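See below for the structure under consideration.
Read-outs: derived from the displayed coordinates by stated rules, not from any lab. In this text, all values refer to a predicted model and were calculated from it rather than measured experimentally. Glycine gets a Cβ as well: all are built from the backbone with ideal geometry, and neighbour counts include every protein chain shown.
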Amino acid sequence: MNSSTDILIIGGGIIGFSLAVELKLRGAAVTILTGDFKQPAARAAAGMLAPQAERIPPSPMLDLCLQSRGLYPGWVEQLEEITGLKTGYWRSGILAPVCENEYYEQPESSSVNSQWLDGDAIRQHQIGLGEEVIGGWWYPDDAQVDNRALFRTLQTASKKLGIEVIQDSAIEIIRQGDRVFGVETTAEKLQADRYVLATGAWSEKLLNIPVFPRKGQMLSVCVPEDYPVTQPLQMVLFGTRIYIVPRQDGRVIIGATSENVGFTEGNTPTGMQSLLAGAIELYPELKNYPIREFWWGFRPATTDELPILGASVWENLMLATGHYRNGILLAPVTAKLLADLILEKKLDLLLAAFHYSRFAIHTDL
């Protein structure tokens, strides 16, 4: 039984590593237990930081997302200083075009910085939009990060900070009374003073908690080599059925399907066809771009599509899961609020809205 760590984080995705780095920077001894999951949610993402473009209504969820978006510049700067790597953070802004026959009312969160652009203005803002586009909303404060680069940066930061990472799969969380006693893996039993469950779409395999996989298929294309500029798209395009995320190196990410098919792996012709058709309608020039990659992953969804954050019924187990489409966006605020709670017993009022007890039938976990 290994009892050398203060805090054991069960799960090595974007949330687990973000929290581990935050805890370590505050002086805690922390270990990450990560299984060999083939398609973590961090891969099935485009890295959009889009609480406004996502049209999240005024709510604790919007407040949480806006707070996390505000943390991003300082957070990635710190990670880049620790590692010497780049995260691809880009305050590109997000343009949400509206096509003919689409109903797209003024966002409820319009009091936050946003602007309506008519058909002429939106084409001045971004050249090359499809003929069906009649206008759209511009969100200059929404941004993006290269999710794969961010994940690599977090892994490197963990290594440089001396965080132990155990490559093994958790089989069971061992509970005695109102406390967690340890975690059984395929190779050994691990013990810590405190635990955090951050296993994303796989959480229900360890606890009776309402988190399930929502598959997302994605693809990328790239600007042709003979094109006069590296990246003609200078902002994210967020349509009603599709999003297009340009990277500064010429890649363009197109996503994403949302499929309730369990852990069924693989890309499908139907998924790829729907993504390409929607993207070309919005930005026709993409039809001439060479395809670079197809992939898929599993987002951790809950029945109300909100994360599960904070305390559990066991006094030494915290929950940080169920982030669904917003795991990349919510990484810094999740790390901050959970670290405050774990190390300082400081409970942010926002966490009340994301407590597991809102699922009445699962209050026993």
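Please identify the GluC sites (Glu not before Pro) of the range 126-183 that satisfy two criteria: DSSP loop assignment and at most 14 other Cβ atoms within 10 Å. Which are they?
Glu131, Glu132
Mean-square fluctuations from a GNM of the chain, with a 10 angstrom spring cutoff on Cα atoms, peak among Ser59, Ser18, Ser114 at Ser59. A convex hull fitted to the Cα coordinates of the range 124-256 yields 204 cubic angstrom per residue.
Looking at the chain as a GNM with Cα springs under 10 Å, which of Val223, Val196, Val245 has the largest mean-square fluctuation? With Cα springs under 10 Å in the chain, the top fluctuation among Val223, Val196, Val245 is at Val223.
For the chain, the number of Lys pairs separated by eight or more positions or lying on different chains, with C-alpha atoms closer than 23 Å, is 20. Modelled spin labels at Gln78 and Lys160, positioned 7 Å past Cα toward Cβ, are 1.4 nm from each other.
Counting each pair of different Cα atoms once, what's the Kirkwood radius of the chain in Å, rounded to one decimal? Display every interim value, and only then the final one.
Values: mean 1/r = 0.0472 Å⁻¹.
Taking the inverse mean of 1/r over all distinct Cα pairs, the chain comes out at 21.2 Å.
For the chain, the share of DSSP beta bridges that are antiparallel, to the nearest 5, is 70%.
Here the range 283-362 and the range 198-255 have alpha carbon centers that stand 17 Å from each other. Each Lys or Arg adds one and each Asp or Glu subtracts one; over the other residues with Cβ under 13 Å from the Cβ of Phe181, this totals -1. Our note on the geometry: Cα centres of the range 11-31 and the range 106-172, 23 Å apart.
Averaging 1/r over every pair of different alpha carbons in the range 242-328 and inverting the result gives a Kirkwood radius of 15.6 Å.
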